[in-house]
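Contents: one structure, followed by commentary.
The values are calculated or read from the model by the stated rules, or taken from the named source; none is laboratory data. Treat the numbers as computed from the prediction; the structure is a model and nothing was measured. Every residue, glycine among them, receives a Cβ derived from its backbone with ideal geometry; neighbour counts consider all protein chains shown. Protein only, heavy atoms only, side chains kept; ligands, DNA and RNA dropped before computing areas. Shrake-Rupley method; radii C 1.70, N 1.55, O 1.52, S 1.80 Å.
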Amino acid sequence: MHFTDGELRNLGQTGLRVSPIAFGGVKLGRNTDVKYPDSFSLPDDQSIADLLSTAANLGINLIDTAPAYGASEARIGALLPGKREDWIISSKVGEFYQHNVSSYDYSREAIGQSVARSLRDLRTDYLDLLLLHSDGNDLEILSNTDALECIHRLKEKGDVRAIGISAKTLAGADLALQSCDVIMVTLNCDDTSHLPVIARAHELGIGVLLKKVLGSGHIPPEKSLQFALSQAGVHSAVIGTLNSEHLKDNVRIAKGI
């Protein structure tokens, strides 16, 4: 069982076609200060290689990572199977995680350095998606920092194909619809607060990625995944796992919608 080309979804007007399930790369590089119900050890290289190969065989073509996910980008860059063009790689800017502490910097210099490092670690010369990694102050980031202008310039330069924000507020996601290609928002059975902005994104042709669809592992996928992916305007749900069987189950559920 795998996603076929016909089951890929057009990510707004970006020209990118994405699988309904995206592979979330948090657990590949970071296991501290995460909200999963059970603690876990970071996987070894062979386990990551096997997991990414399983994802590819399932027709998953979107992988989501970030500098704040520890060694995730470097490990993906070293172990991602197939050709670069087989994958849609999404990364982020703004959040940094060192010595078990997150810090945030949306300055022009910090964003430039972050993207350069991501390109190096991921072993690529472009990112398909670049999202602002919000600290919760979405409106401040979008309106009163250099961040939005910087990522637009990176897109114009060709380092990035599409831009957006991983938002934490309804107001921030709504504002981003005016200037971004993609928004990433929370949606699950217990948190439907972003449904209005998802509907507006659908009307405007803006791409929508989902996070926390399983409530960081606290919500059964059979219920929440079907609900989330059935919403008009939703293109892909980003789910992190270290279990190949869970990955297969998620694809099965998504294909049954």
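Descriptive notes on the structure:
- Residues of the range 34-43 satisfying the condition of being out of contact with any Ser or Thr (no Cβ under 7 Å at 6 or more places or on another chain) and either surrounded by fewer than 10 Cβ atoms within 10 Å (Cβ to Cβ) or among the hydroxyl-bearing types (Ser, Thr, Tyr) (or both): Pro37, Asp38, Ser39, Ser41
- Candidates Ala171, Ala228, filtered to the one that is farther than 25 Å from Tyr104 by Cβ and assigned to a helix (DSSP H, G or I): Ala228
- The number of residues in the range 131-153 that are open to solvent by less than 60 Å² (accessible area, probe 1.4 Å), in a helix (DSSP H, G or I) and of a type outside the set (Val, Ile, Thr) comes to 5.
- Considering Lys248, Lys211, the condition of being out of contact with any strand residue (DSSP E or B) (no Cβ under 9 Å at 6 or more places or on another chain) and either open to solvent by 10 Å² or more (accessible area, probe 1.4 Å) or without any contact (Cβ under 8 Å) to a residue 60 or more places away in the chain (or both) is satisfied by Lys248 alone.
- Within the range 180-204, the set of residues being open to solvent by 20 Å² or more (accessible area, probe 1.4 Å), in contact with a Gly (Cβ under 9 Å, 6 or more places away or on another chain) and not in a strand (DSSP E or B) comprises Asp181, Cys189, Asp190, Ala199, Arg200, His202, Glu203, Leu204.
- Candidates in the range 96-130 are the residues that are touching a residue at least 60 places away in the same chain (Cβ under 8 Å) and buried (at least 19 other Cβ atoms within 10 Å of the Cβ); of these, the one that is nearest to the chain's Cα centre (by Cα) is Leu129.
- Selection status of Leu52, within 18 Å of the chain's Cα centre (by Cα), part of a strand (DSSP E or B) and either surrounded by 22 or more Cβ atoms within 10 Å (Cβ to Cβ) or of a type in the set (A, V, I, L, M, F, W, C) (or both): no
- Out of Gly215, Gly233, Gly205, one residue alone is small (Gly, Ala, Ser), over 17 Å from Ile88 (Cβ atoms) and modelled with pLDDT under 95. It is Gly215.
- Within the range 154-164, the set of residues being surrounded by 15 or more Cβ atoms within 10 Å (Cβ to Cβ) and out of contact with any Ser or Thr (no Cβ under 6 Å at 6 or more places or on another chain) comprises Leu154, Lys155, Asp159, Val160, Arg161, Ile163, Gly164.
- Conditions (1) surrounded by fewer than 15 Cβ atoms within 10 Å (Cβ to Cβ); (2) within 23 Å of Val18 (Cα to Cα); (3) of a type outside the set (A, V, I, L, M, F, W, C); (4) under 19 Å from the mean Cα position of the chain (by Cα): number failed by Glu222: (4)
- Any chance Asp64 is at pLDDT 95 or above and open to solvent by less than 40 Å² (accessible area, probe 1.4 Å): yes
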